[in-house]
Amino acid sequence: MTLRAIAIYTAVVLGTLLLVFLAWVFHEGLLIFGLSLAVAAAARPVIDWLLQRGISRSLAMVLIYTVALVIVAVIFMLVGRSLLNELQQAVDGLARSYDQVWREWPNGTEMQQAIVQQMPAPADLYENFSLDQDNSPLQPLLNFTLSGFSVLGQLAAVLILSIYWSIDQVHFERLWLSLLPVESRARSRDIWRAIERDFGSYMRSEVLQSLLAGLLLGVGYGLMGLPFPTLLALFGALAWLIPWLGGVLAVLPAVLIGLSQNLWLGIGAGVYAIAILIFLEFIIEPRFTRRRQFSSLLGILLILALVEPYGLLGFIVAPPLAAAIELIFRYIIQMRAAQVIPDESDQQIAVLRTRLESIHSIIANREVEPEPQVIQAREQAGDLRFGLYFAVGDD
């Protein structure tokens, strides 16, 4: 191995390590930037539709993002207060149930007595749950709540960046395309826009399904009289983002809480939740995209990988990131196939055209008058030769 090759390999390794280090240092900024691109991709078809109706780009963007902000604000106002009330009710209900178990189970069955002997007294339990304790069980819940408020700020940053991206799309494309060789810029631009189009349809589909799931589940649970309808609906809306397993996670808590009240409420809650998920899967989703186009396994693996370091933001980012990765690889493979197939087809057509030229020359140089079948074959060969010249071009 020459010194030049060693220097090239060393530079590649050091460059890769540098990129990994920068990605780790600026991981939160990269996630926010990627989400802003996703939001802009989802909003672009709607903006283009308004442009076709004679509305200016600036006014169309103002309308779209204003409507999005209003929807988010309304959801936050409607869900926030009810969610806090239900969380308080859930904590109070758990405390009352624990006190009741502690009073009644010592006089119950042998199994109940064995279980209650392993349970701490209510006073000791509440002291352990105090936030003053270093290992308080409430600390993860507090961290999750703070993470939720942090996510709201990050989503606001995502929305602002997506506005800038929508305004400066052309300049940004020219910037990164200028880093590529001239002969590959047009094809790379087409691939980029195709990925953006498919990814935008995926984002619109998932966001709409999640909102509809939360709305329909919340309304249905409330009309049934199911306890904690807002909390269950919010959990179901987030669980729906998980491929395949999300449906089970969305239905199971509603069934368990319903069964804690009575049998028919649990069955009704489960049937209603399954009907809503079927409606989203087979009626709403096919109008935007097809879930089977994307790998469920990749989405679940990314959820497991990103939830630990990024919390709730990682859970939200993982499914669209999996879809983006799969779209990038899919279009890269298609691009390479498109570069190889025409070359092979051109060679086959050139060989076939040479054979037709030879057959046409033999027929034309015959001294004996050809038979009608030969004349018909020569005419068909001439038509085919013209088609091949039209497809490949005259050399």
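The values are calculated or read from the model by the stated rules, or taken from the named source; none is laboratory data. In this text the structure is predicted, and so the values were computed from the model without any measurement.
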When you look at Asn135, is it over 19 Å from Leu31 (Cα atoms), modelled with pLDDT under 80 and in a helix (DSSP H, G or I), yes or no?
no
What single numbered condition from (1) under 19 Å from Ile328 (Cα atoms); (2) modelled with pLDDT of 85 or more fails to hold for Ala233?
(1)
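Which ranges mark the helices (runs of 4 or more DSSP H) fully within segment 12-123 that have 1 or more residues being within 30 Å of Ile160 (Cα to Cα) and in the same structural domain as Ala157 (by TED's automatic domain parsing)?
Working: elements: 27-52, 57-104, 110-117.
Helices (runs of 4 or more DSSP H) meeting the threshold: 27-52, 57-104.
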